[in-house]
Amino acid sequence: AQSVAQPEDQVNVAEGNPLTVKCTYSVSGNPYLFWYVQYPNRGLQFLLKYITGDNLVKGSYGFEAEFNKSQTSFHLKKPSALVSDSALYFCAVRDVGFGNEKLTFGTGTRLTIIP
Amino acid sequence: GAGVSQSPSNKVTEKGKDVELRCDPISGHTALYWYRQRLGQGLEFLIYFQGNSAPDKSGLPSDRFSAERTGESVSTLTIQRTQQEDSAVYLCASSTPRSEAFFGQGTRLTVV
């Protein structure tokens, strides 16, 4: 069965510094990987996805993520953090070609950008 | 519609009552999910519908919880004999096969 791990419950970054939110996964087939963001009292918004092709994918709000097959990771990154990036971030995976391919989410990482 | 629609947006119910939550997915989306999110917590998978396949009910926490979906259309999540621990936001999402899921705004359920 597929699984996703977000090892950090909380990440604090100073405004203007680069940020990384970590995600690792486990699948039996091919991984389709996704990042979502949830702002306070809001629904989940899709940020970016990796399906195939380039390992570095770019998404909304200046975020990007790097797929690393050997390390089974898909870390979310941004070169320069904004206070408005403070939110709850979720990584998700589909185990494609194996099982029912449902979307499985990690437990979330709360990102706080410090002015 | 343009997005996933959930109703009601808020529901307050007395302990022991049954509640029904509704989700209207994006037209053409064959996959539909229900998740539960307690305050400040992560997403708890409840159930997954994919086309005409048997739903994945592995996340339903007890037999008080059930969900149905009519074809590739509306889904309802029913909670019988509600308990205080059922208080949470219930999120619905839909997608085409293998693509990203789009979420509704959720139904905030409060059991008093």
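Taken together, the values in this text are just the output of simple stated rules run on the coordinates, not laboratory data. If you're wondering where the values come from, they're calculated on a predicted model, not measured in any experiment. Here the Cβ positions follow ideal geometry from the backbone for every residue, glycine too, while neighbour counts run over all protein chains shown.
Using a ≥ b ≥ c from the Cα gyration tensor of chain A (square roots of the eigenvalues), is it rounded, prolate or oblate, where a/c under 1.5 gives rounded and otherwise the larger of a/b and b/c decides, a/b for prolate?
It is prolate, given that a/c is not under 1.5 and a/b is the larger ratio.
Residues of the range B:4-28 with the amide nitrogen closer than 11 Å to a label point 7 Å from the Cα of B:R81, along Cα-to-Cβ, please.
Residues B:16-17 fall inside that zone.
How long are the semi-axes of the ellipsoid equivalent to the range B:5-111, from square roots of 5 times the Cα gyration tensor eigenvalues, in whole Å, largest first?
Equivalent-ellipsoid dimensions as semi-axes: 22, 14, 12 Å.
Work out the count of Lys pairs in the range A:54-115 where the Cα-Cα distance is under 20 Å, with the pair 8 or more places apart or on different chains.
Details: A:K58/A:K69; A:K58/A:K77; A:K58/A:K78; A:K69/A:K77.
Lysine pairs meeting the criterion: 4.
To make sure I understand the rule: partners must be aspartates and glutamates, Cα under 16 Å from the Cα of B:K15, and not fewer than 8 residues away in the same chain. Which ones qualify?
B:E85, B:D86
Computed over the Cα atoms of the protein assembly as shown, what is the convex hull's projected area averaged over all directions, in nm²? Mind showing how you got there, number by number?
Working: hull surface 49.7 nm².
If you wrap the Cα atoms of the protein assembly as shown in a convex hull and average its projections, you get 12.4 nm².
What does the extension gain come out to for A:Q71 and A:S3, with contour length at 0.36 nm per residue minus their alpha carbon separation?
Stretched fully, the A:Q71-A:S3 segment lengthens by 23.0 nm.
Just the Cα atoms of the range A:1-55, one point each, no solvent: what log10 I(q)/I(0) does Debye give at q = 0.23 Å⁻¹?
Those come out to -1.19, one per q.
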